[in-house]
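Here is the structure we will look at.
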Amino acid sequence: MNIIIKHIELIERIDRLIRMEATGNPVDLASRLGISRAQTYRIIDIMKDLNAPIEYDFTIQSFVYAEHVNFKFGFYVKDLDSTELRS
């Protein structure tokens, strides 16, 4: 279970850095995350499998999103509509 949580935390960190366009090159990102370059690419591949439109921008030396996206993982309180309130 801890591995799943660690992967989610890494995805959240990478997501924040991508939004700031501050990942740096893959070696810098791996160093910042405390993981290997290969592990970094595996996490990015997982994000892409989850439909994250990640690209690498050589001009700013950072991973970026090609489109505006959001990432959320966890449980959130759901607002009930009137039909759900009755049941």
By the scheme Lys and Arg +1, Asp and Glu -1, what is the net charge of all other residues having a beta-carbon under 12 Å from that of R16? -1
Going toward the positive end of the dipole of the chain, with +1 on Lys and Arg Cβ and -1 on Asp and Glu Cβ, which of L17, I4, A52 do you reach last? I4
Ranked highest first by average number of other Cβ atoms within 10 Å, how do 58-70, 25-37 line up? 25-37, 58-70
Residue by residue through the range 67-75, what is 3J(HN,Hα) from phi via Karplus (6.51 cos²θ - 1.76 cosθ + 1.60, θ = phi - 60°)? Round to whole Hz and write x for glycine and proline. 9, 6, 9, 10, 10, 9, 9, x, 10
For P(r) over Cα pairs in 10 Å bins from 0, in percent, with candidates (i) 15, 45, 21, 11, 6, 2; (ii) 18, 48, 23, 8, 3; (iii) 21, 53, 24, 2, the value calculated from the shown model is option (i)
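Once the other residues with Cβ under 14 Å from the Cβ of I43 are scored (Lys, Arg +1; Asp, Glu -1), what is the net sum?
Here the charged neighbours net out to +2.
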With +1 at each Lys and Arg Cβ and -1 at each Asp and Glu Cβ, the charge dipole magnitude of the chain around its Cα centre, to the nearest 20 debye, comes out at 320
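All of the numbers you see were taken from the coordinates with simple rules; none came from a lab. Since we're looking at a predicted model, the values are computed, not measured. We place every Cβ from the backbone using ideal geometry, glycine too, and count neighbours over all the protein chains shown.
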